[in-house]
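The values are calculated or read from the model by the stated rules, or taken from the named source; none is laboratory data. Note that the structure is a prediction, hence the values are computed from the model and not measured. Quick reminder, even Gly has a Cβ in these numbers, built from the backbone with ideal geometry, and neighbours come from all protein chains shown.
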Amino acid sequence: MLRSDQLLYRINHPHIKPGFVDPRAPFLLDIAGELLNIYSSAPDSGMSRQELEEITASIIRSSPAVRIAAGLNKLLTDRCEFAAAVEADYPLLRQQIFLKSAGVLASGNFSAETLRDSAGVPPDMDIYGDLPDFEKISGFRPITPPALLDRYNLALAQGLLLYADRLTVQIPEPENSMLRKLLKAIKFFRLFARFTMLKKHLLQIEISGPCSIFGPSAKYAMQLANFFPAIVLLPKWKLSAVLKIKGRMLTCNLSHKDHLVSHYRTLASYIPEEIKLFHRTFAKKQNEWEIVGNTPFIDAGNQELIFPDLSFAGKTDASLIHLELFHRWHASGLRDRIALLAGQPELPLMLGIDRALVKDEADFEQLFEACPHIRSRCWLFRDFPGVSSTLKALEKVRKNLHRSQ
Amino acid sequence: MIELDFQSGTLNISGVKSLPPDIAKYTLPDERSGTFRAKACYYAPLVLALRQAQIAFTDRARNYPLLPQLALTGKLIPRPHQSKALNAWKQADCRGVVCLPTGAGKTILAIMAMDYLKRPALILVPTIDLLTQWCSTIERFFGIKCGMLGGGTRDIREITVSTYDSALLNMEFIGNRFALLIADECHHLPSPENRLCAAMAIAPFRLGLTATPELPEDYTAVLNDMMGDICCNIGIRELAGKVLSAYQVKQLRVELSGREAAAYQHHRHIYTSFLRRAAIDFHRKNAWSDFLIACARMPGGKEALHAFFAQRHIARAGSAKLDMIEAVMRRHAGEQIIIFTADNDAAYTIGRKFMLPVLTHHTKAAERKQFLELFRQGRYPVLVTSKVLNEGVDVPQASVGIIVSGSGSVREHVQRLGRILRHAPGKEQAMLYELVSANTSEESISARRREHDAYQER
């Protein structure tokens, strides 16, 4: 992320637009390249944070676009890893020095020189040589100059969204798999969404934090800004956000026509280890079911879109059963889902519930007091469901669904 | 039937199409979920209003038990002002702000409140040092393991201490697990971010603790809304010489050397001329960012920025001040001294020159703990700090404070004074020195921060 003083934008009241740069502009590619050369070589050359700052400051100062260079430099610093300069055990060394100097201080008969001498500190030694300024650069995540400029443009937009408390996104011809990822991102960043079909093929999503209805707050700004790259992944989109900057209310409109590039691209294919393990064990353990690759979403009506975590297809029949997982942060959503399932038992859906959500078995059973007929659809797991319990539940749901058909 | 749920730091009210006005005033219709939503902090009045209106409801929001087993490990004999404060808070329905000077035993008051209520409590503190200090006090008095949230630890228990920052990140998950919310140094609470910590908690009982309740009007309103009104306010002078140490405040004017005075005037002239050219007025809001922008855009900006830092450095930590620090340390040899600076650079300059431990936000946890322990034991007679010791941290052995530099904030200076006011065996009178570079901007900064009853020379 960029700091507020590094943001570039134009205001044409009541509109505000990030000052996007041309990622193919040769002079910008030169600046990016020059900075990258330094950062790429920094870990091997054992450069300290202070040295790096001094060198890059001179490039920034002499650059034809000082603020852009400073912004690029910030993004590059964010890609660095720093390690303490550990040539000496400074804390231990300091303790020995301070205990010696303490005696001299207590005598009341001292000067700066006698204190240093009595503690045995050589004149050229810095007793605070392990401060962050002296940290060494131990690693740097590489990036190309054009990708850095793309990242810079995205960061300009994200930086402005830090002044927003909600986003309105319009998506023409929403495609299921992309929408699913978007909805997952909304869930991941713990945001709320309100869906409206404006026209037949134009979906509007209003995204905000749970507290946002009580008034503007910066609470969700970081979540919204971090969520934004998930929107950029969509092929077509339009975003509008009202920003409060220096007391002025300004509207920021962005769209796919701004040619922003999301760095979340690779995240879409990231599969957590526990899910990989579940897939492997599931395939190994049985031959009745297979996990569906691209899980479709379930339209439960009333703007309720259910995006299951896993979907299972029966190999011998046409059964398709979805699994939705409820973790500790989904307490209220769980009750809503149970109520929905109670009203629509024909939905081919089962629910895995994290034990952290219920106090004990009695508490779990109480969830179904009003709707005992869906008790068999739900079971408890710890952290992530096991294959055996999932299979058991699948068979129960298949039987129930067959019976009701 | 109405259902009340805690949802991500809010109260979700479902199962009803409309609400009577007495209840509706706490809520807003939420089109996103088709329900009503209220700030979590309105849990208590909302539940009371529902009960008064005899409306049946299911309360799934509250998720904390009673703790009848919570008991003090020994007898606690409160000081009269602590009993007075607790009674005032109880009379305010266990919801209010108590103002007590530093060293008057605010933590003990909180222990008394927890012991009285016997319900899960969450204590908010501004720094990691206070986090560990509160935890050890709670463990000592109740003989239980205290939960910690912050500084890389996430251990939530029935009595938990959290930094404001960590609470802000976690309140949407844990805001319904505590009946009592205690905000230490609660003048931090009304900031736009921190106030959400209190807004997202359902805790019906709230105790704000501060030594410096003076806040801008809008912040006072937020504090009252979130924690309750001030229910007890006891000043330093009421307790000085009794509960607190007697103290003396002495300002020492330091003349810059000829060379430094010339350099100061030179840089000051460049800086102030630039301010005039750029029409920057530091009485206005956002002036600092306007100044930085002007420095980046206008000719002479880089020189002006450099001049700003140079003149400030001379005023804050010139060689004459270092000589004065040496003289004061000699005068008070054998006593425990804390040296305060406005910035880390000055703190480390002093630390390097006199071989002294320096405590800043760069100091790692283990060394920070070691510095404080050795200082409390008297094995380190002097501790240098920039701002991390400004608030709360308990170092009763300190009897001398040297303010080398600081901001114009009254709060900062009252808090710094508070560091040396705690009673300790053998401590007769605390002494606070304020070093001010003569004929520099420090003189006006000093005048601003001394606008407090406690900070006048006596």
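Tabulated results
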| read-out | value |
| --- | --- |
| Some residue of region A:24-45 being loosely packed, with under 12 Cβ neighbours inside 10 Å, touching a residue at least 24 places away in the same chain (Cβ under 8 Å) and more than 27 Å from A:Lys246 (Cα to Cα) | yes |
| Scan of region B:246-303 for residues that are basic (Lys, Arg) and either within 14 Å of chain A (Cβ to nearest Cβ) or not in a strand (DSSP E or B) (or both), ordered by number | B:Arg259, B:Arg268, B:Arg276, B:Arg277, B:Arg284, B:Lys285, B:Arg297, B:Lys302 |
| Hey, B:Phe178 of a type outside the set (S, T, N, Q) and crowded, with 21+ Cβ neighbours inside 10 Å or not | yes |
| Residue match in region A:359-366 (condition: out of contact with any Leu (no Cβ under 9 Å at 6 or more places or on another chain) and in contact (Cβ under 8 Å) with a residue 24 or more places away in the chain) | no |
| Check on A:Met222, in contact with a Leu (Cβ under 8 Å, 6 or more places away or on another chain), of a type in the set (A, V, I, L, M) and loosely packed, with under 14 Cβ neighbours inside 10 Å | no |
| Strands (runs of 3 or more DSSP E) wholly inside region A:300-405 containing at least 3 residues that are out of contact with any Phe, Trp or Tyr (no Cβ under 7 Å at 6 or more places or on another chain) and surrounded by 19 or more Cβ atoms within 10 Å (Cβ to Cβ) | A:320-326 |
| Members of region B:17-41 that are more than 13 Å from chain A (Cβ to nearest Cβ) and under 23 Å from A:Phe195 (Cβ atoms) | B:Lys17 |
| Members of region B:194-238 found to be aliphatic (A, V, I, L, M), surrounded by 24 or more Cβ atoms within 10 Å (Cβ to Cβ) and closer than 22 Å to B:Val47 by Cβ, listed by number | B:Leu196, B:Ala198, B:Met200, B:Ala201, B:Ile202, B:Ala203, B:Leu207, B:Met226, B:Met227 |
| Elements of type helices (runs of 4 or more DSSP H) in region B:356-451, at least 3 residues being surrounded by fewer than 18 Cβ atoms within 10 Å (Cβ to Cβ) | B:365-376, B:442-449 |
| Members of region B:153-186 that are in contact with a Ser or Thr (Cβ under 6 Å, 6 or more places away or on another chain) and within 12 Å of another protein chain (Cβ to nearest Cβ) | B:Glu172 |
| Test for A:Lys100: is it in contact (Cβ under 8 Å) with a residue 12 or more places away in the chain and facing chain B (nearest Cβ under 10 Å) | yes |
| Elements of type strands (runs of 3 or more DSSP E) in region A:109-224, at least 2 residues being within 13 Å of chain B (Cβ to nearest Cβ) | A:166-172, A:192-199, A:202-208 |
| Among the candidates B:Leu122, B:Leu169, residue that is within 19 Å of the chain's Cα centre (by Cα) and at pLDDT below 90 | B:Leu169 |
| First in region B:192-210 and facing another protein chain (nearest Cβ under 9 Å), second anywhere and buried (at least 24 other Cβ atoms within 10 Å of the Cβ) and assigned to a strand (DSSP E or B), Cβ under 6 Å, 6 or more apart | B:Ala199/B:Lys39 |
| Among (1) at pLDDT 90 or above; (2) in contact with a Phe, Trp or Tyr (Cβ under 6 Å, 6 or more places away or on another chain), the one test that A:Ser208 misses | (1) |
| Whichever residue in region B:269-322 is among the β-branched types (Val, Ile, Thr) and in contact (Cβ under 8 Å) with a residue 12 or more places away in the chain and, among such residues, is surrounded by the most Cβ atoms within 10 Å (Cβ to Cβ) | B:Ile314 |
